[in-house]
Each structure stands twice: as structure tokens, then as C-alpha cells.
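What follows is one structure encoded as C-alpha cells, with my remarks underneath.
The values are calculated or read from the model by the stated rules, or taken from the named source; none is laboratory data. Please read these numbers as outputs of a predicted model, since none were measured by experiment. Glycine also receives a Cβ, built like all others from the backbone with ideal geometry; neighbour counts cover every protein chain displayed.
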Amino acid sequence: MRACERSSREKSDYEEMDLSNLGDIISKHKDHTGVLIPVLQEAQKEYGYLSEGIIEKIAGELKLPLSQVYGVVTFYSQFRLKPHGKHTIKVCMGTACHVSGAQEITGSIATKLGVETGGTTKDGKFTLEAVACLGCCGLAPVMMVDDETYGRLTSQKALKAVRQYKKKDKEEGD
């Protein structure tokens, strides 16, 4: 349900989340022009995604129509409206990767993690994304987990990489 459709009795996440740091982010930029995108970027970095409440507060504090803020957030693919996993798995779907088995790799990871492409695991550990190109065509098929690139993949190699992240998280007590 969109913010403008909510009844007055419903609580938004704006009221439930601690947005104290958001005020600092906004005031750092408030007196400048063209601040919406930098504010959204910093807010997402701070909170992991842009909840309805965060968007409402940004729109209100910057005195912008809510529709304008939503328009920017939904136009740019860098912004997320849902919580993101601790680790982001990006599987390249560019031509070289596609013809080298990227769909099979994505399917194997999705099955193993119990998540659909574009979704986040129930435990919040992994988000699986299919991306247009990672720019590593010579290593096709390619995926990235966070900032680490894995090339010349098979489903088995991809799943091994994911297991390493699971193991590391477990060792760290996460």
C-alpha cells in the first residue's frame, strides 16, 4: 500500500524505524540544490534500503512531492525499496555469459538458497540478482558476490563460492 493510500490509523515504518541519522543526512545537504539523489544514496547506505517511511521523511524535509521522490527512486536501479541481503549475488546475463550457461547457474543458486531471482533469502543473508553485464566477458560466465568476482563458472563452482560465504558468516556468529 502506498503512503498516500494509508488510513490515518495505520502506522508507517516511518514511525517504527529509528530515523535519527536520516535527519543528519538531510541537514548536511538541505541548503544545496539538486540534493535528492545524494540524500537517497546516503540514506540507502545507512539503512540498507529506502523504506516508505524514509522516503516520506526525505520528501517532507526537502519539501518535495512524495510522487517526485518515488519517481526518482523507481527510475534509478541503484535504489532498493525492499530490504537487501547481507551478501549480494549478481549473476551476469550479458550475451557471453548467457550463451555460457548463466541461466543454469542462476537457477542452481536460486534452488540452493530457496529464493527467486530478485529476491532475498528468508534469513536475510543473500539477495540474488540477474544483471545485464558485469563487464568481464572474457571470464564468462561471471558472478559477483559483494565485491568479489568469480569467472569461468559452472553451477558447482558458483555454489561452492556461496557456501564459502555461508561458512564465513557462521564462523563470525552471524
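Points to keep in mind about this one:
- As for segment 136-154, it holds no residue that is within 21 Å of residue 46 (Cα to Cα), aromatic (Phe, Trp, Tyr) and either touching an Asp or Glu at 6+ places or on another chain (Cβ under 9 Å) or modelled with pLDDT of 95 or more (or both).
- Scanning segment 31-64 for residues that are surrounded by fewer than 13 Cβ atoms within 10 Å (Cβ to Cβ) and either of a type in the set (Phe, Trp, Tyr) or over 13 Å from the mean Cα position of the chain (by Cα) (or both) yields 31, 32, 33, 34, 63.
- Subset of segment 21-44 that is part of a loop (DSSP other than H, G, I, E, B) and more than 14 Å from residue 59 (Cβ to Cβ) - its residue that is modelled with the highest pLDDT: 34
- Condition met for residue 53 (closer than 30 Å to residue 31 by Cα and either assigned by TED's automatic domain parsing to the domain that holds residue 21 or at pLDDT 95 or above (or both)): yes
- Any hit, segment 124-134, residues being loosely packed, with under 14 Cβ neighbours inside 10 Å, at pLDDT 95 or above and either of a type outside the set (Val, Ile, Thr) or outside the structural domain of residue 49 (by TED's automatic domain parsing) (or both): no
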